[in-house]
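What follows is one structure encoded as structure tokens, with my remarks underneath.
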């Protein structure tokens with residue numbers, strides 16, 4: 001098979017950075033997602049014999065679409081991104097136009113809306129990166145995603161386990177407490193004082209995560225109940241995305257994979273490849 005040369009992250013970033021329409025935040029989020037997909041997600045999928053080239057792919061919670069843009073560049077046949085945040089979808093559309101990429105973006109709630117009819121059993125691969133920990137019912141979401149996968153289709157999921165140092169997403173608060181590891185595990189009265197000066201929308205979200213408390217054990221159970229088999233699991237002490245954000249190389253935590261409590265405390269990321277089981 002002919003190898004497709006992918007453009008450099010810097011080259012693609014320059015096109016996006018030149019936009020006067022996009023905010024700096026939108027450019028940042030797109031840039032690190034594009035780099036993450038190019039350097040880690042696509043190579044990982046290919047190493048597990050999950051093709052991206054010529055595949056039909058949907059990403060739930062796609063934000064600015066960086067992952068999908070990277071997959072477009074390596075020859076994905078069809079790309080669809082969904083999110084509940086319309087402003088981020090609009091940013092994604094602007095970026096796709098800038099790059100000359102054909103990617104469809106749709107507003108859709110994976111829990112509270114049934115899949116669109118033309119999505120049913122349509123996709124080879126679905127992506128759910130750092131989304132599952134925000135969802136009120138992981139099992140319902142996974143069941144709905146299962147409906148859009150072809151027979152034997154694959155779902156790639158990542159999330160930070162809740163009991164890990166920053167599993168409460170406190171870093172989003174942008175206040176003094178945002179740099180305090182494990183603060184989300186403190187008693188509620190202390191927790192509420194620490195988040196009080198954070199941004200309002202982010203306070204709502206860290207409270208949501210505190211209620212959901214997604215763990216690897218909880219996720220495994222939801223995946224099994226929703227009709228998937230786990231074909232790979234990867235844990236990290238240092239997340240792959242930290243290479244894009246902080247220049248840190250990823251460090252595997254698979255050594256603690258068989259230790260349920262410990263893996264949820266020390267692993268900053270859990271990643272899963274799930275295959276749709278046939279009824």
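Within the stretch 95-122, can you find the residues that are touching a helix residue (DSSP H, G or I) at 6+ places or on another chain (Cβ under 8 Å), surrounded by fewer than 21 Cβ atoms within 10 Å (Cβ to Cβ) and under 23 Å from residue 30 (Cα atoms)?
Hits for the stretch 95-122 are 98, 99, 101, 102, 106, 107.
Report yes if residue 219 is at pLDDT 95 or above and either over 25 Å from residue 146 (Cβ atoms) or surrounded by 13 or more Cβ atoms within 10 Å (Cβ to Cβ) (or both), otherwise no. Walk me through it before giving the result.
Values: at pLDDT 95 or above: yes; either over 25 Å from residue 146 (Cβ atoms) or surrounded by 13 or more Cβ atoms within 10 Å (Cβ to Cβ) (or both): yes.
Answer is yes for this residue.
Report yes if residue 143 is assigned by TED's automatic domain parsing to the domain that holds residue 36, farther than 15 Å from residue 268 by Cβ, touching a strand residue (DSSP E or B) at 6+ places or on another chain (Cβ under 9 Å) and surrounded by 14 or more Cβ atoms within 10 Å (Cβ to Cβ), otherwise no. Lay out the reasoning, then the answer.
Details: assigned by TED's automatic domain parsing to the domain that holds residue 36: yes; farther than 15 Å from residue 268 by Cβ: yes; touching a strand residue (DSSP E or B) at 6+ places or on another chain (Cβ under 9 Å): no; surrounded by 14 or more Cβ atoms within 10 Å (Cβ to Cβ): yes.
Criteria not met by residue 143.
Counting only residues that are over 26 Å from residue 273 (Cα atoms), give me the helices (runs of 4 or more DSSP H) lying completely in the stretch 1-107 with at least 3 of them.
Values: elements: 9-17, 24-36, 42-47, 66-73, 86-99.
Qualifying helices (runs of 4 or more DSSP H): 9-17, 24-36, 86-99.
For the stretch 222-231, enumerate the residues that are surrounded by fewer than 17 Cβ atoms within 10 Å (Cβ to Cβ) and part of a helix (DSSP H, G or I).
Scanning the stretch 222-231 gives 224, 225.
Of the residues that sit in the stretch 183-200 and are loosely packed, with under 14 Cβ neighbours inside 10 Å and assigned to a helix (DSSP H, G or I), which one is nearest to the chain's Cα centre (by Cα)? Spell out how you get there, then give the answer.
Narrowing the stretch 183-200 to residues loosely packed, with under 14 Cβ neighbours inside 10 Å: 187-190, 192-193, 196-197, 200.
So of that shortlist, the ones also assigned to a helix (DSSP H, G or I) come out as 188-190, 192-193, 200.
Details: 188: 28, 189: 31, 190: 30, 192: 27, 193: 29, 200: 23 Å.
The qualifying residue nearest to the chain's Cα centre (by Cα) is 200.
Being buried (at least 17 other Cβ atoms within 10 Å of the Cβ), more than 24 Å from residue 25 (Cα to Cα) and in contact (Cβ under 8 Å) with a residue 40 or more places away in the chain: is that true of residue 243 here?
Working: buried (at least 17 other Cβ atoms within 10 Å of the Cβ): yes; more than 24 Å from residue 25 (Cα to Cα): no; in contact (Cβ under 8 Å) with a residue 40 or more places away in the chain: yes.
Judged against the criteria, residue 243 is not a match.
Kindly provide the set of residues from the stretch 260-279 that are closer than 20 Å to residue 146 by Cα and at pLDDT below 95, ordered by number.
Within the stretch 260-279, 277, 278, 279 qualify.
The values are calculated or read from the model by the stated rules, or taken from the named source; none is laboratory data. Everything quoted here is computed from the prediction, not taken from an experiment. Ideal geometry is used to build each Cβ from the backbone, glycine not excepted, and the neighbour counts take in all protein chains shown.
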